[in-house]
Structure formats: C-alpha cells, structure tokens
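First the structure, in the form of structure tokens, and then the observations on it.
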Amino acid sequence: MTSQDHGGLRRGAGRKPGSNAYGEPTQPLRVPVSQVETVVAFLDAHRQPATAENPRPMSLTPTTVALTTFVSRVPAGFPSPAADYLDDSIDLNAELIIHGHEAATFVLRVKGWSMMQAGIFEGDRIIVDRALTARQGDVVVAITSNGSDLTIKRLGMLDGKVALLPENPHFKPITFEEGDTLEIWGVVTNCLRNFRRGGR
C-alpha cells in the first residue's frame, strides 16, 4: 500500500451542503483568536427566541404623574422653557393603557432577540392588552402547541395560512399544520426600554 491509497479528499465525505440548522451553504470566516468567544456568544444570544415572562397586571388605581409636553419639535438640544412653547401635561397611564382595558392590560419582560428588528430587545418590558382582538400585522404574545412559553411574534400570513413571523433573520416563521393549536394571549401595544439602568 502506498501513501496514495489512503488520506486526502474523498468524494462525498464531510457534512453535506445545507445540512446545518439554517438549511443553507456555509462560508468560512476568519476571526481573531482573542475574539472567538465574543463572536460565538454574540451569535448565540441573537439566536435566542423572544419569550415574554412574569406577566404582571397594571394597577387599577395608578398614580398619575403629569409630565410637561412641548409644542415645538427639537431634533437636537433642549426646548426653551419659555411659556410660548409649553403645550400641556401628559399622563403616561392614559398614553399606555386603553381606557376601559385596565383590568386586561399586563406588563411582561422580554427574553431573547427574535423580535429585534421590530425594536423589541431582551430586557425590554412590553405592555400587552388581552382585550384587543389581534389583527394581521399586530405584534402578539402567543401560546402554541409546540411550546409552553409565551412567545412574541408578528401575526401574519405565509402561503395563505396564519403564521407567527419573527423579526430576526436567524429565525424561521412558526407555521401550523392540521391539529396544531395557536392561542393569542394578547396584543402588544407598547414597548418600554430603560436607557439608564440603576443609579440616579
């Protein structure tokens, strides 16, 4: 036996093209050794499905905090405090909760990144109204027969059938076959994000 009888490339050997989780061909990518762990962690985090956790009801007797609003639109800087610019005060409870839906409105915390292109990120809190009837295009919190978590997706259509659509290219839509179940837990009406966490 010579060295040419073994080793080297073999036709058909190795992983088949498109056999990965995405069903697509792969492409080599060079990453500095010191950054491998960071890149892998980044990709892993952005592949986590977005779920809603810890539903909490809104207070039926919320404290009213009046915030001053301004007539002028200021792209940069801060509006003048002159009286001519003052408009009115705004009640965040009235802005975030549909009147009459107080008892059906909940706050849930988001975990995961599958709705990132809709502006919903991990750690955000979403306001969900269970009294609203979901319409195509709404962002909804849903329960499917494929899982027990409250999942966040956009309600839409795919090939003429109802589907839950992610807002992250790393995820595939959730489609339904005969016998599958879909329960719309509520409709997402607002998203709350903290830009300054902790401290004062």
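The values are calculated or read from the model by the stated rules, or taken from the named source; none is laboratory data. Just so we're clear, the structure is a prediction, and the values are computed from it rather than from any experiment. Cβ atoms come from the backbone with ideal geometry, glycine included; neighbour counts cover every protein chain shown.
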Out of (1) part of a strand (DSSP E or B); (2) in contact with a Lys or Arg (Cβ under 6 Å, 6 or more places away or on another chain), the odd one out for HIS170 is which?
-> (1)
Do we have any residue at all in the stretch 180-193 that's of a type in the set (Gly, Ala, Ser) and either closer than 30 Å to GLU24 by Cα or modelled with pLDDT under 90 (or both)?
-> no
What pairs come up if the first residue lies in the stretch 129-150 and is in contact (Cβ under 8 Å) with a residue 40 or more places away in the chain and of a type in the set (Asp, Glu), the second is crowded, with 17+ Cβ neighbours inside 10 Å and outside any strand (DSSP E or B), and their beta carbons are under 7 Å apart, counting only those six or more places apart or on different chains?
-> none
Among the residues of the stretch 105-130, write down those that are outside any loop (DSSP other than H, G, I, E, B), in contact with a Leu (Cβ under 7 Å, 6 or more places away or on another chain) and within 16 Å of PRO166 (Cβ to Cβ).
-> ILE126
Of all residues making up the stretch 140-167, the number that are assigned to a strand (DSSP E or B) and either within 21 Å of GLY100 (Cα to Cα) or more than 17 Å from the chain's Cα centre (by Cα) (or both) = 6
